[in-house]
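Read through the structure below, which is laid out as C-alpha cells, and then see the notes.
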Amino acid sequence: MTVYYMPIHLREFFNYLETKGHDTIEYITTKLVSEYYEHLSSRKNQTRSGALSNASLNKHQQALKLFLDYIKKRRSKLTFGVHLKSEKQSTLSLKDILTIDEVKQLFEVCDYSHPSRRMRLRDKAMLAIAYNCGLRTHQMVDLDLSDVDFKKGRLMIRSGSQNKKRKQPYQVLLSNTIEILEEYIHFGRPLFYKSEYCDALFVNKNGGRMQGKAHRNRLKAIIEITENDEILEKNICLHNLRHSIATHLLVNGMPLRTVSDFLGHSSLESTQIYTHLSELYNA
C-alpha cells in the first residue's frame, strides 16, 4: 500500500506547487514545504470526516523524503527541509468525547436502529466491540468468528495498529459484551446471506467481511437516530468510542497502566494523552 500511495502524495504536492504559481521543482524551498504541511493539516480528510491524522501527515512527509533522496542521487544541488517542524498535535478534544449517558443512548437506539433484527443485533455487537473492548476500526474488520472465546471470556486480537503490535493479543470480555455477542452470533449473524461461508465476525449483506466504511456508516446511522443534539454536534467516529472508554476508565479510577494494557498500548506515553481529558471531564 505504501508503494501505491507515495506517487499519489507526491502528485498532491506538485499540484500544490502549481497553485502557488511554480511550474518547476527549482522553486521548492523549506518554507514552501512548511506551508504545504500547514495546508495538509487544515484540509479535510477525503475518506472520512475530520482532518488528516498524524499518521497521514507522516506518510506525506515520507513521500517528500523519498523524493528528496531521489533528487540527491541525481546529484542535484536542490535541497530543502522535509521535517514536520510543527507536527500536528493530537486533535483529541473533550467536546468530542461521549459521556457515559450518551454511550448508553447509542446502545439503547440499537433496539430500533434498523427494520431488520439481524442488523440491529450487529449494530449493538459493533458498538460493544468498539466501546467495551476499545478496538480500532481495522482490528474490528480483521476479527474472525473463531476469535471470540466464550469459554475463556476473551477476544483474540491478531492485528496491530499501523505496524504496531498489541502488548496483549487478546481483550477480556465483560459479561454484558458476552451477552451481546452471543445474541448476535446465534440469532443475528446466521441470517446474513452466505454467512456460513465467511470467517469474519462481522459480515455484510452479501455474505462478505464487513469493511471499515460499512462500520462507519452504521455508526453514523445510529448517531442520527438518537436525535440528540448534543451527540449530533460532536465529531464522532468509531475511534472516538475508543477515546471515550479510555477517558471513562480513567475518570472512574482505573490506573493508567491498566488502561494502557486495555488499549493494547506498548508504552504509557501513548496512554497519557487521555489523562488531560479525564481531568477536564471531572472539572
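Among S34, Y193, I129, whose Cα sits farthest toward the positive end of the charge dipole of the chain (+1 at Cβ of Lys/Arg, -1 at Cβ of Asp/Glu, about the Cα centre)?
Farthest towards the positive end: S34.
When the Karplus curve 6.51 cos²θ - 1.76 cosθ + 1.60 is applied with θ = phi - 60°, which whole-Hz ³J(HN,Hα) does each residue of the stretch 197-207 get, with x for Gly and Pro?
9, 10, 7, 5, 5, 9, 10, 9, 5, 9, x
Placing +1 at every Lys and Arg Cβ and -1 at every Asp and Glu Cβ, with all other atoms neutral, what dipole size does the chain have around its Cα centre, in debye to the nearest 20?
Here the size comes out at about 1260 debye.
Report, by chain and number, residues whose modeled amide H sits under 5 Å from the one on Y170, excluding near sequence neighbours (fewer than 5 apart, same chain).
The answer is I157.
Straight-line reach only, C-alpha to C-alpha below 17 angstrom: list the aspartates and glutamates that K77 could link to, leaving out same-chain residues fewer than 8 apart.
Answer for K77, where 17 Å is the Cα cut-off: E26, D69, listed by chain and number.
Kindly express, to the nearest 10 degrees and within the range 0 to 90, the angle between helix 2-19's C-alpha long axis and the longest C-alpha principal axis of the chain.
Compared with the principal axis, the helix lies near 50 degrees.
Rank these for me by crowding, K72, K234, going from fewest to most other beta carbons within 10 Å.
So the ranking, lowest neighbour count to highest, is K72, K234.
Given the Cα-Cα distance of E233 and S270 and 0.36 nm per residue of separation, how much length would full extension add, in nm? Walk me through the intermediate numbers first.
Numbers: separation 37, 0.36 × 37 = 13.32 nm, distance 2.70 nm.
So the extension gain works out to 10.6 nm.
Hey, what do the phi angles of the stretch 185-194 turn into as Karplus ³J(HN,Hα) couplings, whole Hz, using 6.51/-1.76/1.60 and θ = phi - 60°, x for Gly and Pro?
5, 8, 10, x, 4, x, 7, 7, 3, 6
Using the structure shown, select from K95/K213; K104/K213; K213/K234; K20/K73 the pairs with a Cα to Cα distance greater than 21 angstrom.
Beyond 21 Å between Cα atoms: K95/K213; K104/K213; K20/K73.
Explain nothing, just the number: relative contact order of the chain, from Cα pairs under 8 Å at least 6 residues apart, as a whole percent. Please report the intermediate quantities before stating the final value.
Details: 322 pairs, mean separation 51.0, N = 283.
Computed value for the chain: 18 percent relative contact order.
Would you mind checking the tilt of helix 212-226 against the longest principal axis of the Cα atoms of the chain, expressed as 0 to 90 degrees and rounded to 10?
60
Amide H of D144 versus every other amide H placed in the peptide plane: which residues, excluding those fewer than 5 positions away on the same chain, fall under 5 Å?
Excluding prolines and chain starts, which carry no amide H, the hits are L201.
If each of F187 and K220 carries a label point 7 Å out from its Cα toward its Cβ, how far apart are those two points in nm?
So the label points at F187 and K220 sit 3.0 nm apart.
Can you give the angle from 0 to 90° between the axis of helix 273-282 and the longest principal axis of the chain, with both taken from C-alpha atoms, to the nearest 10?
60
Would you order L94, L232 from fewest to most other beta-carbon atoms within 10 Å of each residue's own beta-carbon? Show your work: numbers first, answer last.
On the way: L94 14, L232 11.
Lowest to highest Cβ neighbour count: L232, L94.
Read-outs throughout are calculated quantities, based only on the coordinates presented, and are distinct from any laboratory measurement. Predicted model only: the values in this text are computed from it and were never measured. No Cβ is skipped: glycine too gets one built from the backbone with ideal geometry, and neighbour counts run over all protein chains shown.
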